[in-house]
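The values are calculated or read from the model by the stated rules, or taken from the named source; none is laboratory data. From a predicted model like this one, the values you see are computed outputs, not experimental measurements. So basically every Cβ, Gly included, is an ideal-geometry build from the backbone, and we count neighbours across all protein chains shown.
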Ligand code: NAP
């Protein structure tokens, strides 16, 4: 079996570099059995970091994850997110309690601010630190924060406790390579790459698919291996089918040669200047 690549968070916790996303899961009862089976298969393989959010299906994704991990909570590193308007002094404890109840757990391993809203970052830091002190979450982080927001966050006392920034990153969204990614690496803050296969669209990019096939790989394998080539980067593809989970897991076997990296750069070039962080 492939050895699982890991990322060490700033508090020393080691987590799998490959996890599983769950956006759009749990919303259609007809797919429920298949989705739960896919998540459980992933856990069996060692892809035991699961990303969800209160926003996904307005709680339906968290409930599905709760069902999938029942009886195996200890094997899983759970990530969930609060809406920006639930990241305040009064709202965060209530939102977190609702997420804990839907997930059926006592504690969330990593709790993220889903994106920046109107509540001041300092208030969110205070609220998340309190949840940590109460044992409701083990650590916290942010999502969709660009470099200027991250600098502002890290200027706040205890803001540097943010363990990750979860952002859009894949072969067609390379803007963060210019500044945000190197900065996060310099701060020893992990980057969680969401939509690492561009919600499936990358797998319909014909020139990219040809390149993958020339090297004997499936396009999803290459797309994920490419994201995971960086130190400190976690990829969270969503796959609701067992065979997709297996294919994504096998990305850990793909070693990228300088030749293939150069071919990729010609096809889907890196940024030539700073650009605003993209979001989906
Ligand atoms: P994604 O992971 O890039 O793509 C998911 C799509 O790719 C699904 O349609 C899935 O199909 C398909 N797929 C997965 N593996 C495949 C394979 N090996 N072969 C063929 N198709 C495959 O997109 P995403 O769901 O937007 O992003 C991943 C996760 O990141 C989300 O689920 C969510 O947890 C998180 N996210 C966070 C934010 C944020 O603002 N923080 C935003 C977007 C996403 P099947 O489902 O049929 O397997």
*Starting from region 39-63, take each residue that is within 22 Å of residue 165 (Cα to Cα) and list its partners that are more than 13 Å from the ligand (Cβ to nearest atom) and part of a strand (DSSP E or B), counting only C-beta distances under 7 angstrom and pairs at least six apart or across chains.*
47/16; 48/16; 48/77; 49/15; 49/16; 49/77
_Just to be sure I understand, how many residues within region 256-271 are more than 16 Å from the ligand (Cβ to nearest atom), part of a loop (DSSP other than H, G, I, E, B) and touching a residue at least 40 places away in the same chain (Cβ under 8 Å)?_
3
*Return the residue satisfying two criteria in turn: it lies in region 231-255 and is away from the ligand (no atom under 16 Å from the Cβ) and modelled with pLDDT under 95, and of such residues it is farthest from residue 22 (Cα to Cα).*
255
*Among the residues of region 1-38, which ones are free of Cβ contacts under 8 Å to residues at least 24 places away in the same chain and at positive phi?*
12
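One line per residue, one yes/no per condition, for (1) within 10 Å of the chain's Cα centre (by Cα); (2) within 18 Å of residue 229 (Cβ to Cβ); (3) in a loop (DSSP other than H, G, I, E, B); (4) free of Cβ contacts under 8 Å to residues at least 24 places away in the same chain:
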{"position": "156", "(1), (2), (3), (4)": "no, no, yes, no"}
{"position": "160", "(1), (2), (3), (4)": "no, no, no, no"}
{"position": "167", "(1), (2), (3), (4)": "yes, yes, no, no"}
{"position": "176", "(1), (2), (3), (4)": "no, yes, no, no"}
{"position": "181", "(1), (2), (3), (4)": "no, yes, no, no"}
{"position": "184", "(1), (2), (3), (4)": "no, yes, no, no"}
{"position": "193", "(1), (2), (3), (4)": "yes, yes, no, no"}
{"position": "196", "(1), (2), (3), (4)": "yes, yes, yes, no"}
{"position": "200", "(1), (2), (3), (4)": "no, no, no, yes"}
*Which residue out of 216, 200 is near the ligand (Cβ under 8 Å from one of its atoms) and surrounded by fewer than 16 Cβ atoms within 10 Å (Cβ to Cβ)?*
200
*Do we find that residue 211 is more than 19 Å from the chain's Cα centre (by Cα), within 9 Å of the ligand (Cβ to nearest atom), surrounded by 15 or more Cβ atoms within 10 Å (Cβ to Cβ) and assigned to a helix (DSSP H, G or I) in this structure?*
no
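Determine, yes or no, whether residue 89 is away from the ligand (no atom under 14 Å from the Cβ), farther than 27 Å from residue 8 by Cβ and either part of a helix (DSSP H, G or I) or out of contact with any helix residue (DSSP H, G or I) (no Cβ under 6 Å at 6 or more places or on another chain) (or both).
Values: away from the ligand (no atom under 14 Å from the Cβ): yes; farther than 27 Å from residue 8 by Cβ: yes; either part of a helix (DSSP H, G or I) or out of contact with any helix residue (DSSP H, G or I) (no Cβ under 6 Å at 6 or more places or on another chain) (or both): no.
Criteria not met by residue 89.
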*Quick one: would you say residue 62 is surrounded by fewer than 18 Cβ atoms within 10 Å (Cβ to Cβ) and either assigned to a helix (DSSP H, G or I) or away from the ligand (no atom under 16 Å from the Cβ) (or both)?*
no
